[in-house]
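Okay, structure first, notes after.
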Amino acid sequence: MTTMTVGAYPAVAGRRAIEALRAGVPSRDAVAATGSGQAAIEDRFASLREAAAAGNPAGLLLGGGFGVGKSHLLEHLARLALETGFTVSRVVISKETPLHDTAKVFAAAAESAVTAGRPRPAIVEASAAIDADGRGYAELLRWATSTGSGLNERFAATLALFAQVRHRDAAFANTIVRFWSGDPIATPELRRRLKEIGEAQPSLPPVAARQLGGQRLRFAAKLLTAAGSAGWVIFFDEVELIGRYSLQQRAKSYAEIARWVRGEHGGPGVPIAAVLAMTDDFEAAVITGRNDRELVPEKLRAKQTPEATALAAAAAQGMRIIDREMQLLTPPDEVELTQAYARLKELHGEVFGWLPPDVSGLERLGATRMRQYVRTWINEWDLLRLDPSYRPETEVADISSDYRENPDLETNGDDVAPDSQRPCREHPAGSAPMPR
């Protein structure tokens, strides 16, 4: 648990932190006020950042029950990444942003991307900051034109055009940046522009939206570093939503987990990392509970196509990662609880201008979650501040995760262009302490 003196913590930020903690929302202020008690995961994340910065992309899968602090930890890790020069994106898996749709995942990541000290979206800022006469731009162009990049020719073409038009045709330069950020670009216009700068027969083979999604991920990561970022870290929250997909869509999602954790969305030299968070009962409830471990590969291989066979292998790898490599959040120990209680008591007093008394809160049991402790302490101090004679008691109600298949979560396919990225939480909230 990170501590800080109350006097060094702005009053407005302190009030925002209290309100967020009361509601169980992992806001930036709430995370800054409480820090993280997950030292082992922080160490793993530091290694992940170092590997990504060196061009060795990889990922980390986190697991925990509702209310143990997964979203809080993701916010804390995002702050660490920003402080060490990385660009950070947050993607919440939802109906609008299914994990298996790389184009939509990229669109959500691009929209939320931010670099410390610069306004979002980071890809737009990186495009404005890059020096077309500098080494970063030259290396980016050399990589984009190489066969090892795996990029469609549109990326090298638009990068070359961008250096030519950025100062004399702002409208088309903006069109290029929008293409890098996920929008389509008109091929006839692109061909005409290339001919204007001497490309007599520009080669622009067609490419599907699904393929462009993965290519944009790699290109954007390299663009960000060319503009000075240490790399790109994408945080995925509520990944357990994939349990409500059909078997086919679950298979694609399992494969995506494998690709992100194994760094396959980056490739050699691409500075990208991923951190995914999901509930820790997913394996028991879905992979074992629905026999996905056997049924998913069996049904895919029955199609007897190379694509289905490859997907079966990738999905099996993703399920093994969930089963064997998930990093579980550790429950708070007595020392962490004591520090958290003292910090929040001090903060509550500073914010509301009073001396909070000690409260009993919840019994300190191994199964009790940090969010439950925190909300209980704050709720009881709130009640006592209004009525010092009141003696609050708190009950905790648990709501289990809902993994029932939901056809409404199905999408229209992988080649559909990205659309709305509005968050949509399809599964229930979970346990929360309720004062009475």
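The values are calculated or read from the model by the stated rules, or taken from the named source; none is laboratory data. Note that the structure is a prediction, hence the values are computed from the model and not measured. Positions of Cβ are backbone-derived with ideal geometry, glycine not excepted, and every protein chain shown enters the neighbour counts. Surface accessibility is based on the protein's heavy atoms, side chains included, excluding ligands, DNA and RNA. Shrake-Rupley method; radii C 1.70, N 1.55, O 1.52, S 1.80 Å.
Given the structure, is Arg79 under 12 Å from Val233 (Cα atoms), among the basic types (Lys, Arg) and out of contact with any strand residue (DSSP E or B) (no Cβ under 6 Å at 6 or more places or on another chain)?
Working: under 12 Å from Val233 (Cα atoms): yes; among the basic types (Lys, Arg): yes; out of contact with any strand residue (DSSP E or B) (no Cβ under 6 Å at 6 or more places or on another chain): yes.
Yes: the conditions hold for Arg79.
Per the listing Glu125, Glu139, the residue uniquely charged (D, E, K, R), touching a residue at least 12 places away in the same chain (Cβ under 8 Å) and out of contact with any strand residue (DSSP E or B) (no Cβ under 8 Å at 6 or more places or on another chain) is Glu139.
Glu96: closer than 22 Å to Pro26 by Cβ, of a type in the set (D, E, K, R) and either touching a Lys or Arg at 6+ places or on another chain (Cβ under 8 Å) or crowded, with 22+ Cβ neighbours inside 10 Å (or both), yes or no? Show your work before the answer.
Working: closer than 22 Å to Pro26 by Cβ: yes; of a type in the set (D, E, K, R): yes; either touching a Lys or Arg at 6+ places or on another chain (Cβ under 8 Å) or crowded, with 22+ Cβ neighbours inside 10 Å (or both): yes.
Yes, satisfied.
Of all residues in segment 56-73, those satisfying the criterion of being modelled with pLDDT of 95 or more and either of a type in the set (Lys, Arg) or outside any strand (DSSP E or B) (or both) are Asn56, Pro57. With respect to being open to solvent by 10 Å² or more (accessible area, probe 1.4 Å), touching a residue at least 60 places away in the same chain (Cβ under 8 Å) and over 20 Å from His265 (Cβ atoms), Arg15 fits the description.
Residues of segment 216-243 that are out of contact with any strand residue (DSSP E or B) (no Cβ under 6 Å at 6 or more places or on another chain) and under 23 Å from Leu73 (Cβ atoms): Ala230, Gly231, Leu241, Ile242, Gly243.
Considering only residues that are assigned to a loop (DSSP other than H, G, I, E, B) and modelled with pLDDT under 70, look in segment 1-30 and name the one that is farthest from Leu82 (Cα to Cα).
The extreme case among them is Thr5.
In segment 179-206, what residues are under 13 Å from Thr158 (Cβ atoms), open to solvent by 40 Å² or more (accessible area, probe 1.4 Å) and in contact (Cβ under 8 Å) with a residue 40 or more places away in the chain? Matches in segment 179-206: Pro184, Glu199.
When the residues of segment 59-93 are filtered to those that are within 12 Å of the chain's Cα centre (by Cα), over 22 Å from Lys222 (Cβ atoms) and β-branched (Val, Ile, Thr), the one that is surrounded by the fewest Cβ atoms within 10 Å (Cβ to Cβ) is Val92.
Sort through Leu140, Leu159, Leu194, Leu151 and tell me the only one that's over 14 Å from Arg216 (Cα atoms) and not hydroxyl-bearing (Ser, Thr, Tyr).
Values: Leu140 fails: over 14 Å from Arg216 (Cα atoms); Leu159 fails: over 14 Å from Arg216 (Cα atoms); Leu151 fails: over 14 Å from Arg216 (Cα atoms).
After ruling out the rest, the residue left standing is Leu194.
The set of residues in segment 16-37 that are under 18 Å from the mean Cα position of the chain (by Cα) and polar (S, T, N, Q) comprises Ser27, Ser36. Of all residues in segment 145-157, those that are assigned to a helix (DSSP H, G or I) and out of contact with any Ser or Thr (no Cβ under 9 Å at 6 or more places or on another chain) total 4.
Hey, among Glu294, Glu307, Glu283, which residue is more than 28 Å from Ala126 (Cα to Cα), touching a Gly at 6+ places or on another chain (Cβ under 9 Å), part of a helix (DSSP H, G or I) and open to solvent by 40 Å² or more (accessible area, probe 1.4 Å)?
Values: Glu294 fails: touching a Gly at 6+ places or on another chain (Cβ under 9 Å); Glu307 fails: touching a Gly at 6+ places or on another chain (Cβ under 9 Å).
Residue meeting the stated conditions: Glu283.
The residue pairs whose first member lies in segment 34-55 and is farther than 19 Å from Val374 by Cβ, whose second member is acidic (Asp, Glu) and crowded, with 17+ Cβ neighbours inside 10 Å, and whose beta carbons are closer than 7 Å, counting only pairs six or more residues apart or on different chains, do not exist in this structure.
Name the single residue, out of those in segment 356-388 being in contact (Cβ under 8 Å) with a residue 40 or more places away in the chain and among the polar types (S, T, N, Q), that is farthest from Val68 (Cα to Cα).
Of segment 356-388, the ones in contact (Cβ under 8 Å) with a residue 40 or more places away in the chain are 362, 369-376, 378-380, 382-383.
If we keep only those that are among the polar types (S, T, N, Q) as well, we get 372, 376, 379.
On the way: Gln372: 8, Thr376: 14, Asn379: 18 Å.
Only one residue tops the list, namely Asn379.
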